[in-house]
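Participant: Sharing a structure, written as structure tokens. Questions coming.
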Amino acid sequence: MEAQSSSELLLSRKRKRESSNREIEEGERLGKIPRCTVGLKHPAPFADELVPDNKPYERVNMEEAKRGTPHRPVRVYADGIFDVFHSGHARALMQAKCLFPNTHLIVGVCSDDLTHKYKGFTVMNEDERYDAIRHCRYVDEVVRNAPWTLTPEFLAKHRIDFVAHDDIPYSSAGSDDIYKHIKEAGMFAPTQRTEGISTSDIITRIVRDYDVYVRRNLQRGYTAKELNVSFINEKKYHLQERVDKVKRKVRDVEEKSKEFVQKVEEKSIDLIQKWEEKSREFIGNFLQMFGPEGALKHMLKEGKGRMLQAISPRHSPDSSPTREERSPSPTFRLPFFTKTSPPPSPPPHHSGARGYLISEDDEDDEDDEDDEDDKN
């Protein structure tokens, strides 16, 4: 029984682990986005181009909007200048679009006159700003020439349920916060600003690096008149561009020379190593051939032995008398040898022809034999 209970506990633990692992895997799978095409094919329409809706307008409260409105989407309005449209603008519109489960996002863009009056000059004109908002994927409808301050008539005309904007008070047009009455009416839906990017930041970068961008555009074919640059500044920028080109060429030459020197050093190191190896091999071969115990010494010894063996006579037969058995006789000395030299060592005897030494006794015997022959 105890064994069965322990085995059941182990199985239950394994099942729990497997189920938890499956839950983790399913959670990881849910975190990934499936491959699908969600982009729109057409830009958002303008509000004044749509067919007017004659149905009675009934605003939706916050609780109903969060629960979801199946009979119609929640109409959310977001306004702004949207000059030099960037990711901060797109993120704000995305937040406005995702406020409720079913949202119809209306974006109002102020005209150039209002913007220049209350905020300042823009980089893009109103038509360019309208068109930029139309091509944002989160926008369902665009209102041109939007008012700077929202009125109840404007809200009723466009059937707006909520207004989306960041929660920071926006002081303008003589008011501490132009969205104050919207907040008091319970129609305000706050969004978060994207830190680190804004139209003012982008313009600040351009102004800070003005010379760089002027030279860039001059290089790309823009004229000094189009860039509002004087003749002297134009020549200055061209001269700076030439100087920078020379600097880049010098830098490239330095880098290439460094690479060349590095390659030469590597090759020289390889050559030195190969030369050392060859020199060691040559010295070893030289010592092996010409050293004290080299092959040449052994060859000379062998050749000398062979030469002596070929020149020296062979040993005489055993029956013939040796030089020691014969009576010693003084050796014959040639007249041009003034100094006496020690008697030469007897040559070795080999079988075959005998070697004879010329002595005075032998010469006397030969003379006596010649006289006897003459007498006869």
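The values are calculated or read from the model by the stated rules, or taken from the named source; none is laboratory data. Everything quoted here is computed from the prediction, not taken from an experiment. All Cβ positions, glycine included, derive from the backbone under ideal geometry; neighbour counts span all protein chains shown. Areas reflect the complete protein model, heavy atoms only, side chains present, ligands, DNA and RNA absent. Shrake-Rupley method; radii C 1.70, N 1.55, O 1.52, S 1.80 Å.
Participant: Going from most exposed to least, what order do ASP176, ASP131 have by accessible area with a 1.4 Å probe? Don't skip to the answer; put the middle values down first.
Facilitator: Values: ASP176 135, ASP131 75 Å².
So, going from the largest accessible area down, we get ASP176, ASP131.
Participant: Additional query: May I ask which of LYS117/LYS180; LYS41/LYS117; LYS66/LYS183; LYS97/LYS183; LYS117/LYS225 have a Cα-Cα span longer than 25 Å here?
Facilitator: From the list (LYS117/LYS180; LYS41/LYS117; LYS66/LYS183; LYS97/LYS183; LYS117/LYS225), the Cα-Cα distance tops 25 Å for LYS41/LYS117; LYS117/LYS225.
Participant: Once you list every other residue whose beta carbon is under 13 Å from the beta carbon of PHE82, what net charge do they have if Lys and Arg are +1 and Asp and Glu are -1?
Facilitator: Once positives and negatives cancel, what remains is -2.
Participant: Taking the Cβ of ILE203 as the center, what net charge do the other residues with Cβ under 14 Å away carry, scoring Lys and Arg +1 and Asp and Glu -1?
Facilitator: Combined, the nearby Lys, Arg, Asp and Glu give 0.
Participant: Take the alpha carbon gyration tensor of region 107-173, find the square roots of its eigenvalues, order them as a ≥ b ≥ c, and report rounded if a/c is under 1.5; if not, report prolate when a/b exceeds b/c, else oblate. Mind dumping the intermediate values first?
Facilitator: Details: a/c = 1.57, a/b = 1.10, b/c = 1.42.
Here region 107-173 falls in the oblate category.
Participant: A further question on this structure: Could you tell me which trypsin sites (Lys or Arg not before Pro) in region 219-274 are loop residues by DSSP with no more than 10 other beta carbons within 10 angstrom of their beta carbon?
Facilitator: Passing both the DSSP loop test and the Cβ count: ARG220, LYS225.
Participant: Apply 1/(1 + (r/R0)^6) to the Cβ-Cβ distance of LEU308 and LEU287, taking R0 = 35 Å, and write down the FRET efficiency to the nearest 0.05.
Facilitator: That gives a FRET efficiency of 0.80.
Participant: While we're looking at this one, here's another question. What do you get for GluC sites (Glu not before Pro) in region 176-282 restricted to DSSP loop and a cutoff of at most 16 other Cβ within 10 Å of the site's Cβ? Don't skip to the end; give the middle numbers.
Facilitator: Values: sites: GLU184, GLU195, GLU226, GLU234, GLU241, GLU254, GLU255, GLU259, GLU265, GLU266, GLU276, GLU277, GLU281; in loops: GLU195, GLU226.
Answer by residue number: GLU195, GLU226.
Participant: What does the charge count around LYS41 come to, taking other residues whose C-beta lies under 15 Å from its C-beta (Lys +1, Arg +1, Asp -1, Glu -1)?
Facilitator: Neighbour charge sum, excluding LYS41 itself: +1.
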